[in-house]
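The values are calculated or read from the model by the stated rules, or taken from the named source; none is laboratory data. Remember, predicted model here, so these are calculated numbers, not experimental data. In this analysis, Cβ positions are derived from the backbone assuming ideal geometry, glycine residues included, and neighbour counts consider all displayed protein chains. Side chains included, ligands, DNA and RNA excluded: accessible areas come from the protein's heavy atoms. Shrake-Rupley method; radii C 1.70, N 1.55, O 1.52, S 1.80 Å.
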Amino acid sequence: MAATVLIVANDKATTASLSGSFNKKEFAIVTANSGRQALVQAKTRLPDAVVVDSTSPRLNTKRLCRALRAETYALIILLASNVSKAEQMNGVNLVLPKTTTPKKLTQRVRAALDNRPPREIRLGNLVLDVERRRVTRANKSQRLTPKEFELLKLFMERPGQTISRKMLMKEIWDTDYLGDTRTLDVHMRWLREKIEDDASEPKTLITMRGQGYKLEAKEK
């Protein structure tokens, strides 16, 4: 299956030049000429990698990369005039000099995709697609919100382990405040609706009274 690569640059000539270097049998190429277009493409096309020309004058690269990372687990690759500065941006996987030739860029993208972490986490009858943030159960696949995804990924990485509400608030919402955990309750309900036969009587994502929650793997 061809890997999808999103190329982002203000200049259409730049996106055309970079696109032309990718083998169309190996890669499916989509382009965007603004940050807004890039986010739309990221949500709809679910790319495997995003190449951003950070030298584009009308792109707020830092904001765009942060927004992309909130929407996708695709590899984010920057073409930058100042490599050391660009490497400090959160969510960026690889920074290359703007002078990188299209052929070399293709090689680096291919290598990065080959070396990426596992794209799926399998546990019992659940399959979590890490990049596309989808969970599959009983041949039914559903898209997860960012927080639902983070919750399920945490539970699937620690099967059978009771995780406290305090830890969940810290890990997922980055807060130690426990005065109001309704947000957690709502997200747990939403997540159960996607992985349980009956969210009102959960048998997979179980409440451990006074302790927290744990995920029990069920066989297919």
*Which value, in Å² and to the nearest 10, is the accessible area of VAL130 when all protein chains are kept and the probe is 1.4 Å?*
20 Å²
_For the chain, calculated [θ]222 nm from helices alone, where every DSSP H run of n ≥ 4 adds -39500 (n - 2.57)_ = -11000 deg cm²/dmol
_Cα-centred dipole magnitude for the chain, charges only on beta-carbon of K, R (+1) and D, E (-1), debye, nearest 20_ = 500 debye
*Between THR99 and ASN23, take the C-beta separation as r, use R0 = 22 Å, and let me know the FRET efficiency to the nearest 0.05.*
0.50
*asked:* Loop only by DSSP, 16 or fewer other Cβ within 10 Å of the Cβ. Give me the GluC sites (Glu not before Pro) in segment 26-102 that pass, ordered by residue number.
replied: GLU26, GLU87
*Counting only protein heavy atoms, what percent of the accessible surface of segment 95-220 is carbon or sulfur at a 1.4 Å probe?*
47 percent
*For labels at LYS43 and LYS12 in the simple 7 Å Cα→Cβ model, what's the distance in nm?*
2.4 nm
*Of the cross-linked pairs LYS170/LYS194; LYS12/LYS147; LYS147/LYS203; LYS24/LYS147, which ones have a Cα-Cα span greater than 28 Å in the structure shown?*
LYS12/LYS147; LYS24/LYS147
*Percent of accessible area on segment 20-93 owned by carbon and sulfur, 1.4 Å probe?*
46 percent
*Accessible solvent surface per residue of the chain, calculated while the other protein chains remain in place, 1.4 angstrom probe, Å²*: 55 Å²
*Are there trypsin sites (Lys or Arg not before Pro) in segment 25-129 that DSSP marks as loop and that have at most 16 other Cβ atoms within 10 Å, and which are they?*
LYS25, ARG58, LYS98, ARG119
*Fully extended, how many nm does the chain gain between LEU178 and GLU87 (0.36 nm per residue separation, minus their Cα-Cα distance)?*
29.3 nm
*Determine ³J(HN,Hα), in whole Hz, for all residues of segment 126-131 in sequence, where each value follows from phi through the Karplus function 6.51 cos²θ - 1.76 cosθ + 1.60 and θ = phi - 60°; x replaces Gly and Pro.*
10, 10, 9, 7, 5, 7
